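Beneath this line is the structure, given in structure tokens, with notes to follow.
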Amino acid sequence: MPVANAAAAVQIAHQHSQLAFAHPSNLEGVTVARDAGIDVLAHAADTTDGVTPAFLQTIVDHHMAMVPTLKMFGTTVTKHPSYLDPIFAEVHQFHALGGELLFGTDVGYMTDYTTQDEFTGLIRSGLTARDILRMLTTAPAARFGVQNDKGTITAGKLADLVVLGSDPAQDPLAFSDVRTTIRTGRVLYPRQP
């Protein structure tokens with residue numbers, strides 16, 4: 001997409017107080033997204049040629065966030081390390097440079113609804129349980145401008161909680177072991193024993 005077209009779309013989104021997302025897959029697409037003022041990359045670039053640390057720093061400097069969507073690559077393309085490892089390295093470098101990561105998957109597009117592979121990819125990208133917790137809570141709340149109501153367990157905030165089956169500090173894959181989901185104090189999903 002020409003930068004001018006993408007920038008016009010971003011301008012309209014921002015005029016309506018909306019974030020602008022882009023779905024690029026290579027250096028050229030990410031460059032257009034950066035130059036157009038996109039707020040969030042919908043996934044890491046899977047063609048990593050030219051996506052250097054210096055280039056990633058320009059993305060960080062433009063305050064763009066990234067939703068890695070790592071499971072999607074392994075599900076729809078290949079799980080071969082020669083393909084996935086450069087993507088994991090890209091996510092690792094983006095994070096190391098101070099880039100903001102948000103959690104998300106393409107579950108629904110894929111027929112497998114578990115999030116475990118996404119967490120496995122994040123771990124393989126060098127993220128810790130604390131990093132992943134931030135991706136699930138405070139980072140999206142801040143990015144979407146709802147940090148006064150969501151993102152932390154604080155008196156006066158909405159009671160949006162997820163109860164896990166075990167401690168993700170011991171094993172980050174525990175983030176995929178959801179037992180109960182609560183939204184504004186109402187149980188939406190009780191996992192049956």
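The values are calculated or read from the model by the stated rules, or taken from the named source; none is laboratory data. This is a predicted model, so every value here is computed, not measured. Glycine gets a Cβ as well: all are built from the backbone with ideal geometry, and neighbour counts include every protein chain shown. Areas reflect the complete protein model, heavy atoms only, side chains present, ligands, DNA and RNA absent. Shrake-Rupley method; radii C 1.70, N 1.55, O 1.52, S 1.80 Å.
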Which of the residues belonging to segment 1-43 are more than 19 Å from the chain's Cα centre (by Cα) and open to solvent by less than 40 Å² (accessible area, probe 1.4 Å)? A6, A7, V10, A13, V32, A36
What residue, among those in segment 80-105 that are of a type in the set (D, E) and closer than 14 Å to L41 by Cβ, is least open to solvent (accessible area, probe 1.4 Å)? E90
When segment 123-144 is examined, which residues are found to be more than 16 Å from D177 (Cβ to Cβ) and either basic (K, R) or part of a helix (DSSP H, G or I) (or both)? R124, R130, D131, R134, M135, T138, A139, P140, A141, A142, R143
Looking at (1) modelled with pLDDT under 95; (2) over 13 Å from the mean Cα position of the chain (by Cα); (3) open to solvent by less than 60 Å² (accessible area, probe 1.4 Å), can you tell me which one V77 breaks? (3)
Within segment 107-122, can you find the residues that are crowded, with 17+ Cβ neighbours inside 10 Å and outside any strand (DSSP E or B)? T115, D117, E118, F119, G121, L122
Do we find a residue being over 23 Å from D112 (Cβ atoms) and not β-branched (V, I, T) anywhere in segment 64-79? yes
Count of residues meeting criterion [charged (D, E, K, R) and farther than 26 Å from A141 by Cα] in segment 28-75: 3
Residue pairs within 8 Å by beta carbon, gap of at least six or interchain, first lying in segment 17-34 and in contact (Cβ under 8 Å) with a residue 40 or more places away in the chain, second open to solvent by 40 Å² or more (accessible area, probe 1.4 Å) and not small (G, A, S), listed first then second, are L19/R143; L19/F144
Considering only segment 57-79, state which residues are within 21 Å of V40 (Cα to Cα) and of a type in the set (D, E, K, R). D61, K71
Test R134 against the criterion of being at pLDDT 95 or above, of a type in the set (K, R), closer than 22 Å to L19 by Cα and buried (at least 17 other Cβ atoms within 10 Å of the Cβ), and give yes or no. yes
Which condition number does F119 fail, the rest of (1) under 20 Å from L56 (Cβ atoms); (2) touching a helix residue (DSSP H, G or I) at 6+ places or on another chain (Cβ under 6 Å); (3) touching a residue at least 40 places away in the same chain (Cβ under 8 Å) being met? (1)
Filtering segment 67-96 for residues that are out of contact with any strand residue (DSSP E or B) (no Cβ under 9 Å at 6 or more places or on another chain), closer than 13 Å to S125 by Cβ and in a loop (DSSP other than H, G, I, E, B) leaves a count of 1
Residues being open to solvent by less than 20 Å² (accessible area, probe 1.4 Å), free of Cβ contacts under 8 Å to residues at least 40 places away in the same chain and in a loop (DSSP other than H, G, I, E, B): count how many of those fall in segment 44-66. 1
Give the residues of segment 154-193 that are surrounded by 13 or more Cβ atoms within 10 Å (Cβ to Cβ), within 21 Å of the chain's Cα centre (by Cα) and in a loop (DSSP other than H, G, I, E, B), sorted by residue number. D160, P168, D171, D177
